[in-house]
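Input: a single structure, listed below in structure tokens.
Read-outs: derived from the displayed coordinates by stated rules, not from any lab. Everything quoted here is computed from the prediction, not taken from an experiment. A quick note on method: Cβ atoms are made from the backbone with ideal geometry, for glycine too, and the neighbour counts reach across all protein chains shown.
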Amino acid sequence: MNRRRTAAVIATAGALALSLLNAPAAQAKDTGIVVSDLVINNGKPIVVGTAIVEPPVTFNIELPPGYSTDHPFRYYAEPFLYRGSLTQAADTGDSYIGLGGYTCYDVSSKKARCEATLYIDPHPSRGQIDSNSDATNWKIAVSLRLFKADEVTPEAQEFETRPGGVSLRRAAKLSVADATPEPVTKGKLLTLTSKLTRANWTTHKNGPYAGSTVSLQFRAKNATTFKTLKKVTTNSAGALRTTVTASTDGFFRWVYYGNSTTGTATSAQDYIDVR
């Protein structure tokens with residue numbers, strides 16, 4: 001298959017959608033482009049912290065009569081995510097997440113397989129995800145264009161919404177599972193601590209995640225799996241603290257399993273020498 005780049009631009013939020021929305025009415029018509037097998041982030045929720053993330057997107061394109069993959073600049077298809085009204089998201093550029101670019105591989109003169117990435121910048125100035133309320137289900141749509149032979153003048157363009165959606169979640173972090181004292185005498189108490197934080201998209205910093213249930217797990221030195229010892233709830237500062245009886249050498253860790261607005265997190269392990 002031939003490799004053919006059809007788009008390699010960092011999408012400014014809403015820019016593409018805005019250009020379609022403001023196009024002459026005569027151009028706003030069915031393109032005949034068929035987009036199928038659209039998969040965003042391998043079908044998993046997208047977890048975003050305080051830095052840019054670029055989740056993968058794959059999809060197939062089938063072109064209408066009169067268009068060929070031999071002329072890649074005569075057609076364009078961009079999947080994107082949005083919140084609220086499609087028209088409002090496109091018009092304002094807010095709550096709109098587009099592609100950072102994509103590469104299409106020709107399957108035939110009418111079909112192509114495309115690999116892309118979304119471009120998600122959580123900085124408030126971007127207007128993509130600038131509030132913690134954006135940690136929710138986002139809708140899916142595709143913007144489609146056909147161009148005339150000059151590869152500049154629009155022939156037809158449209159929006160096509162898709163069923164389902166994509167869950168955006170705030171990234172969580174757990175500090176190392178600190179166990180004291182080290183080493184410890186068998187049968188004595190060990191104190192385990194950690195702290196759970198998550199991304200705050202309003203302040204662009206991580207903040208404490210209070211009132212969350214986190215599992216304390218242990219893996220014996222020669223074992224292959226972790227076992228949950230107990231569940232502990234974070235305090236108002238996101239801190240975790242509990243005690244267990246030392247029995248054998250091994251590794252402790254904390255695990256947070258996430259929820260509909262927050263991603264999962266696993267702490268670094270702490271090895272304990274029991275004497």
Q | Cβ-placed point charges (K, R +1; D, E -1), dipole of segment 76-184 about Cα centre in debye, nearest 20 | A | 320 debye
Q. Do the alpha carbons of any pairs in K139/K227; K139/K231; K195/K221; K44/K205; K29/K111 sit beyond 27 Å of each other, and which pairs?
A. K139/K227; K139/K231
Q. Where in segment 178-216 is the amide nitrogen less than 14 Å from a point lying 7 Å along the Cα-to-Cβ axis of A223?
A. 216
Q. With the dipole of the chain worked out from charges on the C-beta (+1 for Lys and Arg, -1 for Asp and Glu) around the Cα centre, which of L86, N60, F226 lies farthest toward the positive end?
A. F226
Q | Size of charge dipole - segment 172-272 - debye, nearest 20, with Cβ of Lys, Arg +1 and Asp, Glu -1, no other charges | A | 140 debye
(Q) What is the sum of charges, Lys and Arg at +1 and Asp and Glu at -1, for the other residues whose Cβ falls under 13 Å from the Cβ of T245? (A) +3
**Q.** Simple Cβ-charge dipole of the chain, Lys/Arg +1 and Asp/Glu -1, about Cα centre, in debye nearest 20
**A.** 1400 debye
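Relative contact order, percent, of the chain when contacts are C-alpha pairs under 8 Å separated by at least 6 residues?
19 percent.
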